[in-house]
1. Relative contact order for the chain: what percent, with Cα pairs under 8 Å and sequence separation of 6 or more?
2. I want to verify the translational diffusion coefficient of region 81-179 in µm²/s; compute it with Stokes-Einstein, Rh as the Kirkwood radius over Cα pairs, at 10 °C and 1.306 mPa s.
3. How far is it, in nm, from the label point at residue 70 to the one at residue 227 when both lie 7 Å from their Cα along the line to the Cβ?
4. When a/c reaches 1.5 or more, the comparison of a/b and b/c decides; with that in mind, is region 206-357 rounded, prolate or oblate per its Cα gyration tensor?
5. Using only the Cα atoms, work out Rg/Rh for region 266-343, with Rh taken as the Kirkwood radius, to two decimals.
6. Which sequence of 4, 210, 182 reflects their accessible areas, 1.4 Å probe, from the largest down?
7. How long, wide and thick is region 174-268, going by the Cα atoms along their three principal axes, in whole angstroms, largest first?
8. Probe radius 1.4 Å, ligands and nucleic acids left out: which of 319, 344 has the largest accessible area, and how do the rest follow?
Amino acid sequence: MSASLEVSIGTLRLKNPVVAAPAEHMVDADGVRAAIRAGAGAVVVKSTNESDAAKDQLQRAEYVALDEHWQPVPWNQKAPRSVTLATRSGLSPLRFDAWLDQAVALDRLARAEDALLVPSLILGAMEPALAMARQVEQAGLRVLEFNIGTPYASQAAKGVVATELSPARVGEIVTQLRATTSLPVWIKITGQSERVPDLAAAAFDAGAQSVVMAGRLLGLVPDLETLAPMLGTSLGIGGYWNLPLTCHWLALSRAKLGPDASLVGINGAQDGLDVARMMLAGASGVGIASNVMLRGFDVLTHAVTQLADYLNRKGLDAEQIIGRAADARRSFADMPLRTDHWREFIPSMDGQITQER
């Protein structure tokens, strides 16, 4: 029998755990339609808030794909899998009423395709955010992602976006949000913290149905020719190399919160096998954004197919793999003693590694 791809995130069922995560390719309605038709279980539209400065930030955005030597490569399907994407981004350019009307129309298509359309708000100021959340619910949408973990807050104009680093503050935000709307709320948190599990716990304690972890990192790449920062400033960075970091936070959060906490993993997943890796670390759903933006919407279709093939090969349903690797994780002190094993992994005095690995 074919493996079931169905998963649950809080009270919501997804036909599969592949989430089309938001980026610039999810601004226009055509892009969202393409993600829905590509077969993703959930599709998250590009975030908005009340800030004109956040919209202006998108008009100042720049993007670069970098190889392992930190050299630019073509922004297309020819880019290597090992590419790092570095960007300055911004929020949806649509006014809120137009953004909401578009989301409502797209939700009709999503329902017809058995997909979940996820509107995403990003925190600027609290009162406007709460007012927007109320309107999202009144419009008949089924869920709300609330992003408080953008990488850009320290670099943007004050009050444009938020990177919340305090569990107490996360709890306050979610409490206010839950008092405003009865929609299932997914809280997107930062990865720029040593307290990711604590941030997640605060969100769940205040009533979140899911936590999305963890927002991209902020970095800077010096350009050796111009002697200046690449693209002029600090950038949001991501790539395949982020998958172990995301899996680490997923596993630690699962250990802290227990298996019933619905987590969505983002950053580092490029295909269906990466989706499986994040699920094994504790994710119920896994977002893919950068690789779709770089290579096209077929990435989502391929991810669903590849995940299904993996599950069929293992003879397991999607929900049966959630957290398996996380639950098997042991501490360093629990590992077997291997006296002087480390010596096999250092150069000899003639500069050669002592064994092939």
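The values are calculated or read from the model by the stated rules, or taken from the named source; none is laboratory data. Keep in mind that this is a model prediction, so the values were computed, not measured. For neighbour counting, all protein chains shown are included, and Cβ atoms are generated from backbone atoms with ideal geometry for every residue, glycine included. Ligands, DNA and RNA are excluded from the accessible area calculation, which covers all protein heavy atoms including side chains. Shrake-Rupley method; radii C 1.70, N 1.55, O 1.52, S 1.80 Å.
1. 18
2. It diffuses with D of about 105 µm²/s by this estimate.
3. In this crude label model, residue 70 to residue 227 measures out at 1.6 nm.
4. oblate
5. Expressed as Rg/Rh, it is 1.13.
6. From most exposed to least exposed: 182, 4, 210.
7. Largest first, region 174-268 extends 52, 29, 18 Å along its Cα principal axes.
8. 319, 344
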